Amino acid sequence: MTPTSAFSQLVRESAFKLAMDGPKSLGGLFDLTSKRLVRYAVAIARNQHDAEDAVQSALAKVASEPGRLSKADRPWPYLIQMVRNEVLQAARKRKRLRYLSDLRDLLTRCPVDELEQEETHRAVWKALRRLPPPQAEVVVLKIWEDMTFAEIGEMLTISPDTAASRYRYATQKLTKLLATQHFVSREEVLSG
């Protein structure tokens, strides 16, 4: 069982519990998925608040129809796709994305133990935000969601080769961006 399919099973179980117990059990699904969904949504929306709104909207839809998620072949990618659709729909309504140079809002929910880790984290996210959104979302899905290129391609309706190319170009750009800041090595970029 891949990490994605194992997590998908946890999402399915939470959605099934939601279908059985009603909205009072939405907290379990929220606790399980929200941090990961917001991280992904930020890669597209480029804004913490818009990302949180998209996640909230997607989870509200799940709460109103939990059977759709529990019956999905692959519930976790299905939920990620729901969040992606919410982000893109909000962007279309505004007619353009807002780009922020200050990363404080992005990092408010990422506890760090040491100042050096915080600086590295800021540098990685700042560099990630400089990538085109299609490349940034592939990086998030590959590194933090541990999806294969085939899974990413299926979810984004692109070929696995296109997903791999976007990832390769993105990591090359991230390496250059971060090398100029002398913060992290290529291995640190790829490890997240």
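The values are calculated or read from the model by the stated rules, or taken from the named source; none is laboratory data. Note that the structure is a prediction, hence the values are computed from the model and not measured. Note that we place each Cβ from the backbone using ideal geometry, even for glycine, and neighbour counts take in every protein chain shown. Each accessible area value is taken on the protein alone, full model and side chains, heavy atoms only, with ligands, DNA and RNA left out. Shrake-Rupley method; radii C 1.70, N 1.55, O 1.52, S 1.80 Å.
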Sole residue being closer than 21 Å to Arg129 by Cα, assigned to a helix (DSSP H, G or I) and not polar (S, T, N, Q), chosen from Asp53, Asp31: Asp53
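Identify the residue in segment 63-85 that is of a type in the set (D, E, K, R) and either modelled with pLDDT of 95 or more or part of a helix (DSSP H, G or I) (or both) and, among all such residues, is nearest to Ala6 (Cα to Cα). Walk me through it before giving the result.
Let us first name the residues in segment 63-85 that are of a type in the set (D, E, K, R), namely 65, 68, 71, 73-74, 84.
Adding the requirement that they be either modelled with pLDDT of 95 or more or part of a helix (DSSP H, G or I) (or both) leaves 68, 84.
Working: Arg68: 19, Arg84: 21 Å.
The selected residue is Arg68.
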Can you pull out every residue in segment 134-192 that is open to solvent by less than 60 Å² (accessible area, probe 1.4 Å), modelled with pLDDT under 85, more than 17 Å from Arg39 (Cα to Cα) and not in a helix (DSSP H, G or I)? Val184, Ser185
What about Asn47, is it surrounded by fewer than 19 Cβ atoms within 10 Å (Cβ to Cβ) and out of contact with any Phe, Trp or Tyr (no Cβ under 8 Å at 6 or more places or on another chain)? no
Quickly run through segment 54-66 and pick out the residues that are under 17 Å from Lys24 (Cβ atoms) and either among the basic types (Lys, Arg) or open to solvent by less than 40 Å² (accessible area, probe 1.4 Å) (or both). Leu59, Val62, Ala63, Pro66
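Taking the residues in segment 105-133 that are among the charged types (D, E, K, R), closer than 16 Å to Arg39 by Cβ and open to solvent by 90 Å² or more (accessible area, probe 1.4 Å) as candidates, determine which candidate is modelled with the highest pLDDT. Spell out how you get there, then give the answer.
In the first step, residues of segment 105-133 are kept if they are among the charged types (D, E, K, R); the result is 105, 109, 113-114, 116, 118-119, 122, 126, 129-130.
Among the residues that remain, those that are also closer than 16 Å to Arg39 by Cβ are: 105, 109, 122, 126, 129.
Within this subset, residues satisfying the condition of being open to solvent by 90 Å² or more (accessible area, probe 1.4 Å) are 109, 126.
Details: Arg109: 46, Lys126: 87.
If we take residues in segment 105-133 being among the charged types (D, E, K, R), closer than 16 Å to Arg39 by Cβ and open to solvent by 90 Å² or more (accessible area, probe 1.4 Å), then Lys126 is modelled with the highest pLDDT.
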